[in-house]
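No value in this document is a laboratory result; all are computed from the given coordinates. Computed from a prediction, not measured in an experiment: that's the story for all the values here. Quick reminder, even Gly has a Cβ in these numbers, built from the backbone with ideal geometry, and neighbours come from all protein chains shown.
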Amino acid sequence: MAEEVKIKKRTIFTIIGIVLILGFVLFAFKNILSTKGNEITGDLVKGGEAGSNKVINEGDTQIVNLGVANYNYDPNTITVESGKKVKIIGNMNQLQGCLRAFRIPNLGVSKVFNSNDNVLEFTPTSKGTFGFTCSMGMGTGTLIVK
Ligand SMILES: [Cu+2]
């Protein structure tokens, strides 16, 4: 009888052990996957690795996930089509300080991203190459409108 209880206990502990290990492996795997790119949930970007920000076409909207890599805006060159809405979503995990004050002077576009409002929308109508910058000119990049 006592032997049987011992075996049952060991079985239960083994099962608990396996479940814990599986849970840990799944958790670790999920974290590895999530660092492969930035995940856009609603209008908030969950930051992945710097350098993984990109432009995503969703229907008629060109979504730009804007963050920071190498102390500058990432992506640093943004190519969009004219006449189609551009939605720039600031990655608040990566954009710090005055990089949050984003401007495209020659298009009259500006926005200070904050954690409650990190979305900037505009529709470029003229084709060309336009510089973008932070308010103090430390971060710079290029918007190409095709
Ligand atoms: Cu700046």
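Please identify which residues in the stretch 98-130 have an amide N closer than 11 Å to a label point set 7 Å out from the Cα of residue 72, following the Cα→Cβ vector.
Those under the cut-off are none; the list is empty.
Given the stretch 40-145, report the % of alpha carbon pairs whose separation exceeds 24 Å.
Counting pairs separated by more than 24 Å, the tail of P(r) holds 12 percent.
On a full-extension model of 0.36 nm per residue, what is the gain between residue 121 and residue 55, subtracting their alpha-carbon distance, rounded to one decimal in nm?
22.4 nm
Starting with the fewest neighbours, write out 13, 130, 122 ranked by other beta-carbon atoms found within 10 Å of each beta-carbon.
13, 122, 130
Calculate, in nm to one decimal, what residue 8 and residue 82 gain on full extension: separation in residues at 0.36 nm each, minus their alpha carbon distance.
19.7 nm
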